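Inspection log for the structure reproduced underneath, given as structure tokens.
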Amino acid sequence: AIMKLQVAIDLLSTADALTLLNKVADHVDVIELGTPLIKQQGLSVVTNVKAAYPNKLVFADMKTMDAGELEADLAFKAGADIMTVLATAGDSTIAGAVKAGKAHNKAVVADMIGVADKPARLQQLKALGVSWVELHAGLDEQAQAGYSIDSLLAAGRDAGMPFSVAGGINADRIGGVEAAGATIAVAGAAIYAAKDPAAAAKKLRDSIQKQG
């Protein structure tokens, strides 16, 4: 299967998100509405983006830590195709989100941000039935001296389940993400902070080898 490209939008208004998507949607498969955007706008941003792009997968980055079934249900009712629960949440929270995912026939992703022992947690997440895991270095982790995406890729290669990668992916790094076997590469600032977001998204798309 061809690796999918996901754009993570950390802008803070629905209007700005839609302006960006007007430029880049043709080049991406999955539209992620970032946690700060959802906190600023509420789940209406999910509903509005899904209405504008019904043929794209809309990913609500809820980062749910509690009330798993309730928050997943809210995201799916708002129009999300995919929502995130934190891998560091309790197993019952993750199981609740997965239950809502099954009820809606939608995807629940466990976000591995902040997980120290990745191999151990990956095995547990597989058993809990999440759709895939996102190996994710957040903005704060990326800002630390010595950050490298390589530890995420190593965890992915050993995951034994579908995974996406997020953490400073750009055109130079996306080939390594694909080579590690990721099903989705997530690009944020490489697209939304680019002078020409459309060209940046197209370059990422063109950097994915197994086209067609």
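A few remarks follow.
- Within the range 152-172, residues that are without any contact (Cβ under 8 Å) to a residue 60 or more places away in the chain sit with their Cβ atoms under 8 Å from residues that are basic (Lys, Arg), at 6+ positions apart or across chains, in these pairs: Ala155/Lys118; Gly160/Lys126; Met161/Lys126; Ala171/Lys203.
- Picking from residues in the range 12-33 that are out of contact with any helix residue (DSSP H, G or I) (no Cβ under 7 Å at 6 or more places or on another chain) and open to solvent by 60 Å² or more (accessible area, probe 1.4 Å), the one that is farthest from Ala198 (Cα to Cα) is Ala15.
- Checking each residue of the range 34-49 against the condition of being surrounded by 20 or more Cβ atoms within 10 Å (Cβ to Cβ) and either modelled with pLDDT under 95 or not in a helix (DSSP H, G or I) (or both) gives at least one match.
- The helices (runs of 4 or more DSSP H) found entirely in the range 144-212 that carry 3 or more residues being aliphatic (A, V, I, L, M) and open to solvent by less than 30 Å² (accessible area, probe 1.4 Å) are 150-157, 197-207.
- Within the range 116-141, the set of residues being over 16 Å from the mean Cα position of the chain (by Cα) and closer than 23 Å to Ile9 by Cα comprises Asp140, Glu141.
- Being surrounded by fewer than 22 Cβ atoms within 10 Å (Cβ to Cβ) and of a type outside the set (S, T, N, Q) holds for only one residue in Ala52, Ala80, Ala60, Ala72, and it is Ala52.
- Within the set Asp81, Asp61, Asp73, the sole residue that is charged (D, E, K, R) and touching a Ser or Thr at 6+ places or on another chain (Cβ under 6 Å) turns out to be Asp61.
- For the range 89-112, a residue qualifies if it is within 16 Å of the chain's Cα centre (by Cα) and either on the phi > 0 side of the Ramachandran plot or open to solvent by 50 Å² or more (accessible area, probe 1.4 Å) (or both), and exactly one does: Lys106.
- Residue in the range 185-195 that is basic (Lys, Arg), touching a His at 6+ places or on another chain (Cβ under 8 Å) and under 22 Å from Leu21 (Cβ atoms) present: no
- Residue within the range 122-140 that is open to solvent by 10 Å² or more (accessible area, probe 1.4 Å), part of a strand (DSSP E or B) and not acidic (Asp, Glu) present: yes
The values are calculated or read from the model by the stated rules, or taken from the named source; none is laboratory data. Keep in mind that what you see is a predicted model, and the values were worked out from it rather than measured. Counting neighbours? That spans all protein chains shown, and the Cβs are built from the backbone with ideal geometry, glycine included. To get the accessible areas, we keep the full protein, side chains included, count just its heavy atoms, and leave off ligands, DNA and RNA. Shrake-Rupley method; radii C 1.70, N 1.55, O 1.52, S 1.80 Å.
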